[in-house]
Amino acid sequence: MSSTRSLIILSRDGIVHALATIAGEHGYAATCLNSLIALDDIDLSDAVLISMSSGVIVPRRMIDRLSAAYNFHGATPTYPGRDPHYWALLDGAAEFGCTAHVMLPIGISLDLSPGVSA
């Protein structure tokens with residue numbers, strides 16, 4: 001008996017539904033959000049959160065309730081911060097990428113958790 005895996009996608013309106021379609025193709029039941037308020041009264045113990053290009057800071061109390069949480073964003077160690085692609089273009093960078101990391105309940109230190117190995 002196979003069960004559908006629960007995935008919560010936190011992203012901007014422009015891409016959240018495309019991400020949900022991809023998740024569905026891989027056997028995930030995806031819930032699309034641009035805010036975490038809807039999750040306050042839901043059991044999240046089996047859910048995985050994917051945050052992609054979202055400005056929402058996921059609080060520790062939420063991460064503690066999830067099976068796992070991952071963040072993907074366009075900033076890299078070379079070009080950190082908001083809108084880093086503009087700085088890469090200004091510098092004439094030959095390459096630019098994104099950062100993927102596990103979200104850990106470590107308080108307010110953002111983007112300091114370990115990266116995800118490919």
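Odds and ends about this structure:
- Taking the criterion of being surrounded by fewer than 12 Cβ atoms within 10 Å (Cβ to Cβ), over 15 Å from the mean Cα position of the chain (by Cα) and either in contact (Cβ under 8 Å) with a residue 12 or more places away in the chain or closer than 16 Å to residue 73 by Cα (or both), the only residue of the range 15-42 that qualifies is 27.
- Residues satisfying the stated conditions in the range 8-53, i.e. small (Gly, Ala, Ser) and assigned to a loop (DSSP other than H, G, I, E, B): 27, 35, 45, 53
- Positions within the range 54-102 being within 19 Å of residue 5 (Cβ to Cβ) and assigned to a helix (DSSP H, G or I), in sequence order: 62, 63
- Test result for residue 75, touching a Phe, Trp or Tyr at 6+ places or on another chain (Cβ under 9 Å) and among the aliphatic types (A, V, I, L, M): no
- Here is the figure for the range 34-82: residues that are within 13 Å of residue 98 (Cβ to Cβ) and charged (D, E, K, R) total 0.
- Residue identified as modelled with pLDDT under 90, more than 25 Å from residue 81 (Cα to Cα) and of a type outside the set (A, V, I, L, M, F, W, C) among 35, 3: 3
The values are calculated or read from the model by the stated rules, or taken from the named source; none is laboratory data. Only a predicted model underlies this, so the values are computations on that prediction, with no experimental measurement involved. As a convention, Cβ positions derive from the backbone with ideal geometry for all residues, glycine included, and neighbour counts pool all protein chains shown.
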